[in-house]
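Novice: Quick one: structure below, then a few questions.
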Amino acid sequence: MSNRPRRLAAWATGLALMTSRVVLGQGVPPPPAPNIGPQADLNGLTHRMAERVRRLGEDIASDLGRTPQGRHLLQDLRELAVSVDEFHESLHNTRDPYQLRQAYTGLDQSWHHLRWQLMQPGVTTPAVGRAAGGVDELDAAIHQALGLRAYAPAYGPPPAGTPAVPAEFAEAQRLAVALEQRAQALAAAVRANMAGVPGADRLARDAARLSQACDAFSDSIRDGQPMDVLATAFGSAATVADRFEADLRAYRLPPPVDASWRSFAAAEVLLRQRLGLATPPPAVNVMLQPAGNAPSPILALADQLNAQADAFLAAFTPTVRVVPEGEWILADAQRLKQAAATFREECGRGVDPYRLSQQFSAVDQLWGRLARRINRIARGRTGPNIETAMQMGETCRQIHDLLGMPGYSPTLEAPVPR
C-alpha cells in the first residue's frame, strides 16, 4: 500500500492546525493622503527596492554569512525579500492608498529592525553598509510616493557615536506619529459606522478636524525643539480632542468606533503626560498607569503574552515538519517568545512608557513577521494552533494600543466559512 495518502493526511492535519486568513491592521481605513504618488512610480520603486534587498543579501552572505550574526541577518533578510515581493505583487490588485500604506508599514518595520541590527558595533562591513544605504534610499522614496510619514522605531539605545536625542523629545515624536495615525482611523470609523445616526454628520466633521489637527502637530515638530514649544503646538489639537470627547458621550458608539476611540485616547493620554499638560480623565479606561497604587494592566498583559507564546510553541513544535514554512514559523515564534520574556522583565522594573515602547518594538515587529508568514500558507482553515496565535495577536494589539505604538498591529481573523 502506498504511503502517499498518509503523507497527504499528515500534511493536511498540520496545515489545518495553522492556516487561517490573515489581515494586516484593524478598524476602518482612514481617507487617502492627498500626496499619493502615481501607481506606476510606486511599482517601479518597489521593483528597484526588491533588487537592492537581494543585493544586500548577497553582500551579507559574502561578508558575514559564516558568522552566527550573519546567519541570523540572512534569515531576517529572506523574510524581508519575500515581503517586498508580496507588496510588489499586491500593487496589481490594490488601488486603495490606505491599504497600501498599511501593508507597507509592516514591511517597513522589518526593514528598520534589520537596519538597526546592522548598525550595532562590529556587525557590518563597508560593502554591506553601502548596500543598506541603497535600500534606505528606496525606502524613503516609497514613503514619499505613499504619503506615509517616515518613522524609524527605536529598538534600544542608539549605537555609540550617534547624536544623542533627549528621551522626552523622542517619546513625544513617537506619540505624535501614533496619534496622527489613530486620529485618521477614528475619523474613518465614524464616517463608515455612524452614517444615518442623528447628529453624526457633525461628529464626522469634528473627527475630520481632529485628524487634521493631529497631522498639523506632527508636521510642526522639528529636531531639538524644547518641550514647552511642543506643548504649545499641541494646544489646538488638545482643544479639538476635548470637544470631540464631550460630543462622543451623547452617543452609543458602534464597536469599531469605540475601539478606534480607545486606541486614540491611549496615545493622547501618554502624549499629554509627556508634554506636561493636564490630562482630563477620558471616558474610556485606557490608563497605562492607573491612579493610586493600582497595578498597571501592562503587567498582566505581558504575563498573558508569555503564557500564550509558551502554549503556541508547545503545540506547534510537534507539527513543524508537516506545515509549509514550519521551521521558519517555529524560529519566528521562538524569537517572539524571547522578546516577550525580555519585555516582561522590563515591565517588572517599572512602568516607563519610553523604555517599554523600545522593548516592545521588537515584539511588535516579530509578531508582524509571524502574521505575514502565516498569511502565506492560509487556506481558510483553523485549529488549536491558529486559535492560540490569534490570542497572541490580540494581546499584542492591546499592548500596542496601550503603549501608543505607531503603525498597525497585525491581526489574524477567523476563517471564512465554506
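Novice: Can you list residue pairs whose Cβ atoms sit under 7 Å apart, with the first residue in region 88-109 being under 27 Å from V363 (Cα atoms) and the second being of a type in the set (S, T, Y) and in a loop (DSSP other than H, G, I, E, B)? Count only pairs 6 or more apart in sequence or on different chains.
Specialist: That search, which allows pairs on different chains as well, returns L100/T94; Q102/Y408; T105/Y408.
Novice: What number of residues within region 225-249 are acidic (D, E) and in a loop (DSSP other than H, G, I, E, B)?
Specialist: 0
Novice: Looking at V22, V84, can you tell me which residue is among the β-branched types (V, I, T), in contact with a strand residue (DSSP E or B) (Cβ under 7 Å, 6 or more places away or on another chain) and either closer than 30 Å to G147 by Cβ or modelled with pLDDT of 50 or more (or both)?
Specialist: V22
Novice: I'd like to know if region 92-108 contains one or more residues that are under 21 Å from the mean Cα position of the chain (by Cα), more than 30 Å from M194 (Cβ to Cβ), modelled with pLDDT of 85 or more and surrounded by 16 or more Cβ atoms within 10 Å (Cβ to Cβ).
Specialist: yes
Novice: Are there any helices (runs of 4 or more DSSP H) wholly within region 65-174 with 3 or more residues that are closer than 30 Å to L275 by Cβ and not aliphatic (A, V, I, L, M), and if so which?
Specialist: In region 65-174, 97-118, 126-146 are the helices (runs of 4 or more DSSP H) which contain 3 or more residues that are closer than 30 Å to L275 by Cβ and not aliphatic (A, V, I, L, M).
Novice: Return only the number of the condition from (1) aliphatic (A, V, I, L, M); (2) without any contact (Cβ under 8 Å) to a residue 40 or more places away in the chain; (3) not in a helix (DSSP H, G or I) that V197 does not satisfy.
Specialist: (2)
Novice: Okay, moving on. Right, E268: within 30 Å of M390 (Cα to Cα) and charged (D, E, K, R) or not?
Specialist: It is true that E268 is within 30 Å of M390 (Cα to Cα) and charged (D, E, K, R).
Novice: With the requirement that a residue be under 22 Å from D332 (Cβ atoms) and surrounded by fewer than 21 Cβ atoms within 10 Å (Cβ to Cβ), what does region 342-358 give you?
Specialist: Residues satisfying the conditions are T342, R344, E345, E346.
Novice: Also, I was wondering about something else. Could you please let me know if A16 is part of a helix (DSSP H, G or I), touching a Ser or Thr at 6+ places or on another chain (Cβ under 9 Å), under 25 Å from E387 (Cα atoms) and modelled with pLDDT under 85?
Specialist: Answer is yes for this residue.
Novice: So, one more: List, please: which pairs have Cβ atoms under 8 Å, are six or more places apart or on different chains, and start with a residue in region 300-328 that is farther than 14 Å from E387 by Cα and end with one that is part of a loop (DSSP other than H, G, I, E, B) and of a type in the set (V, I, T)?
Specialist: V323/I377; P324/I377; E325/I377
The values are calculated or read from the model by the stated rules, or taken from the named source; none is laboratory data. On a predicted model such as this, the values are computed, not experimentally measured, just so you know. Using ideal geometry, Cβ is built from the backbone for each residue, glycine included, and neighbour counts are taken over all protein chains shown.
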